[in-house]
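Enquirer: After the structure tokens below, expect a handful of questions from me.
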Amino acid sequence: MQWLDAALEGQATAALWTGAPALVAPLSYRRHAQLQAACDASKARGWPVRLRRSGGGVVSQGPGILNITLAYPCAGAAGDMAEPVYAHLCELLGRALAGLGIEAQARPVQGSFCDGRFNLAVNHQSVYRKIAGTAQYWRRASGRQAVLAHALLIVDADPAHLSAQANQFEDALASGRHYDAHALTSVAQCWQQAHPGSRDATDLMAAVRQELTHLLQAQAA
């Protein structure tokens, strides 16, 4: 919210960050009668639950996941600008991944947590798997408006473990939702597929950060 306040004053922010293990769910999850019990159980497993203002579904956070947050002033109606904001974020991530030899595109991936049209997905052997998810949140004040555009990129976290934590939470809610671990992938897995027979990159997290930093600096110039 501080970044959005600054954006309303004309100051743009770009942040690359990682967090501790946690589940992040939209405020709409308050409708579940078992929310508090599900949160308590998840916290006991070492995965505390946070609620966010943007929509969608539950997502897993933690080491091995890189978050990209952009907050900036935006003219035009939010309804008209939502898709261009998502498209810009996906293009930024796609170009960063292309720098590592990974081709990705925006599309839904059935079975992935927090699925949407503006996931970023990688095609391997004719199967698309989600590597990044996106979200946005708008704020308006005094005739000005700003957007916070966010992406979660799975770098070297274990997709199966991320899905398992989200599934345990959904099971405790009795929501009826279940996520397929095979619907997710990671930069680490895709890098190996793009460079068969090669040794692992020294530090994929650093490599992705570097690619994104260069792209963000170029856009700001």
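Enquirer: Pick from Ala166, Ala146, Ala135: which is in contact with a Pro (Cβ under 6 Å, 6 or more places away or on another chain), under 20 Å from Gly55 (Cα atoms) and crowded, with 18+ Cβ neighbours inside 10 Å?
Expert: On the way: Ala166 fails: in contact with a Pro (Cβ under 6 Å, 6 or more places away or on another chain); Ala135 fails: in contact with a Pro (Cβ under 6 Å, 6 or more places away or on another chain).
Only one candidate qualifies: Ala146.
Enquirer: Now for a separate question. Which members of segment 7-41 meet the condition of being of a type outside the set (A, V, I, L, M, F, W, C) and in a strand (DSSP E or B)? Break it down into steps so the answer makes sense when it comes.
Expert: First, pick out the residues of segment 7-41 that are of a type outside the set (A, V, I, L, M, F, W, C): 9-11, 13, 18-19, 21, 26, 28-32, 34, 36, 40.
Within segment 7-41, Thr13, Pro26 meet the criteria.
Enquirer: Those residues that are surrounded by 16 or more Cβ atoms within 10 Å (Cβ to Cβ) and either over 29 Å from Asn167 (Cβ atoms) or not polar (S, T, N, Q) (or both), I need them from segment 53-68; list them, please.
Expert: Residues satisfying the conditions are Gly56, Gly57, Val58, Val59, Gly62, Gly64, Ile65, Leu66, Ile68.
Enquirer: Counting only residues that are out of contact with any helix residue (DSSP H, G or I) (no Cβ under 7 Å at 6 or more places or on another chain) and closer than 17 Å to Glu103 by Cα, which one in segment 169-204 is surrounded by the most Cβ atoms within 10 Å (Cβ to Cβ)?
Expert: Cys190
Enquirer: While we're here: From the set of residues in segment 205-217 that are of a type outside the set (S, T, N, Q) and surrounded by fewer than 16 Cβ atoms within 10 Å (Cβ to Cβ), which is farthest from Asn67 (Cα to Cα)?
Expert: Looking at residues that are of a type outside the set (S, T, N, Q) and surrounded by fewer than 16 Cβ atoms within 10 Å (Cβ to Cβ), I get His214.
Enquirer: So in segment 69-114, with the set limited to residues that are of a type in the set (Gly, Ala, Ser) and on the phi > 0 side of the Ramachandran plot, which one is surrounded by the fewest Cβ atoms within 10 Å (Cβ to Cβ)?
Expert: Gly76
Enquirer: Follow-up question, since we're still on this one. If Ala160 passes every condition in (1) within 17 Å of the chain's Cα centre (by Cα); (2) of a type outside the set (D, E, K, R); (3) not in a helix (DSSP H, G or I) but one, which one does it miss?
Expert: The one condition Ala160 does not meet is (3).
Enquirer: Test Ala22 against the stated conditions and say whether it is under 28 Å from Gln189 (Cα atoms), surrounded by 14 or more Cβ atoms within 10 Å (Cβ to Cβ) and at pLDDT 95 or above.
Expert: Yes, satisfied.
Enquirer: Which residue pairs have Cβ atoms closer than 9 Å, lie 6 or more positions apart in sequence or on different chains, and pair a first residue in segment 42-58 that is part of a helix (DSSP H, G or I) with a second residue that is of a type in the set (Phe, Trp, Tyr)?
Expert: Listed by first residue and then by second, the contacts come to Ser42/Phe169.
Enquirer: Shifting gears a bit: Given (1) within 19 Å of Ala7 (Cα to Cα); (2) assigned to a helix (DSSP H, G or I); (3) of a type in the set (A, V, I, L, M, F, W, C), identify the lone condition not met by Leu92.
Expert: Checking Leu92 against (1) within 19 Å of Ala7 (Cα to Cα); (2) assigned to a helix (DSSP H, G or I); (3) of a type in the set (A, V, I, L, M, F, W, C), the one that fails is (1).
Enquirer: State all residues of segment 115-127 that are under 21 Å from Val24 (Cα atoms) and surrounded by fewer than 14 Cβ atoms within 10 Å (Cβ to Cβ); if no residue qualifies, say none.
Expert: Arg117
Enquirer: Can you list residue pairs whose Cβ atoms sit under 6 Å apart, with the first residue in segment 166-182 being in contact (Cβ under 8 Å) with a residue 60 or more places away in the chain and the second being assigned to a helix (DSSP H, G or I) and of a type outside the set (D, E, K, R)? Count only pairs 6 or more apart in sequence or on different chains.
Expert: Partner pairs satisfying both residue conditions: Phe169/Ala38; Phe169/Ser42; Ala172/Ala38; Ala172/Ala41; Leu173/Ala38; Tyr179/Ser163; Tyr179/Ala166; Tyr179/Asn167.
Enquirer: Kindly establish whether Arg177 is of a type in the set (Lys, Arg), in a helix (DSSP H, G or I) and within 30 Å of Arg45 (Cβ to Cβ).
Expert: Against the criterion (of a type in the set (Lys, Arg), in a helix (DSSP H, G or I) and within 30 Å of Arg45 (Cβ to Cβ)), Arg177 does not qualify.
The values are calculated or read from the model by the stated rules, or taken from the named source; none is laboratory data. Computed from a prediction, not measured in an experiment: that's the story for all the values here. Neighbour counts are summed over all protein chains in view; Cβ atoms, including those assigned to glycine, are modelled from backbone coordinates with ideal geometry.
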